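See below for the structure under consideration.
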Amino acid sequence: MHRSDQGRQLRFFHDVVGERIRIGRSSIMRFPLLTAAGALVCAAPAAAQTARDGSDIIVTATPLDQTARRLAECLARNCPPKEDIDASLAHAENQFVAGDYAGARGTLSKAVRRNNGYRRVLPVEVSDLQRAYGRMIDVGGRPDVARILQIDSLDTLKEGLDGDDHRVFLQRALVADQFAQNGRWRAAEDIYAQIERKAAAAGLPQVSAYALLRRANLLGALAASDEMYAPRYRALLNRLEKLPGDALTRYRLAATLLRAKDAAQRHDDTALEAIVAGIDATRFAQPHLLYAPTIVLGRTSPSQLPESGATVPPQWADFRITIGQNGRVESAEILRQSPHLEQRWIREVRNSIVHRRYTPYTGDPTSAPATRIERFSFVQDWANNDHPMSRSSRIRGQKADVRVAWIDLTPTDTPPAAAPGNAGT
């Protein structure tokens, strides 16, 4: 892809202030993938699902049994690696949306083993596969392994592409995101800063601005709990606001949105309302997320703890969120959920959703308010000697603490609101 395409690719890759993760043909499993925005159709295992109120949720994706059959037929005829990767990604994302996390992980693991040898001739495709596998490993409770797989994905791109290719820089940013999620904030900030400098030198101003935005977002999160980071954060915001040129308008706007998020986190309603009032709603055909209260789940209840060494699969729930043109959430309803999901987790998530703030937007006055569909996964990470049943042994167990990650499953006919890809713990 030529450098002139970088703006289009960046729009495909991320929303204004947060990562958009979507499901569909190019999807969660594809570059820019599981943390990036692909063309999404709500890839469900059936043509329609039914919400609790009995209303139909129409989905237009390929059914799960069909993607399984396509992959099996591809492998049976020893199809070319590119077709194998496409079929594997399509089926794995369908399995993920169906709630079969282990199945999706297994599909991707086998595909990586089959196709890893083609990384030099198909660097982008193999990198897609490694990246998607890393994301599924992460929601399976192994963020340490996920980080290594994101680095593998970066190495694959570096082997097959020019070092100044924007896809290499963007994958570096995903590696930094993984470091940040694992609590290695200093390493993440260093990577963002390096991307910013090198992308600017390579003539990729939007990639450079994107790295600056990710760095500001990270410092903002740190400053929310430790004032020590606030001066550096404010300096980065000032730099974002002063970025020159029409091509970087969206990044200057992102600084305004970050300031709105700061005001919301401080519970400064006066400042928040002043910032929101100053946002030109005509800039947005759909709402973009400004602020979502932190979801704190704490520890799982004793009945949910695994036997020593056993696996507790991630629990999950899909929410349909309706947002008015004033940027306030009008409703949040569960569409479907995994069995045995703790109701207190549902209450915490719903309470966070209803207190979100989005940008005002201009929609068709005669049409219904904007709607988002989001998947929330409740993950228990793995650790040695961290399970109450195995404190005196070296048997690996899952932590009692639970983290939540959310992913945008909104169909492609309406662009999604910004949603954090490795979302808040």
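Take each peptide in 121-129, 343-351, 138-146, count the other Cβ atoms within 10 Å of every residue, and average; sorted highest first, the result is 121-129, 138-146, 343-351. Inter-label distance, ASP144 to ARG283: 4.3 nm, where each label sits 7 Å from its Cα along the C-beta direction.
Restricting the calculation to Cα atoms, every distinct pair contributes to the Kirkwood radius of the range 68-118, found to be 10.8 Å. Cβ-Cβ distance of VAL121 and ARG77, R₀ of 25 Å, FRET efficiency by 1/(1 + (r/R0)^6): the value works out to about 0.80.
Every number here is computed from the coordinates shown, using simple stated rules; none is lab data. Computed from a predicted structure; not experimentally measured. Reconstructed Cβ throughout: ideal geometry from the backbone, glycine too, with neighbour counts over all protein chains shown.
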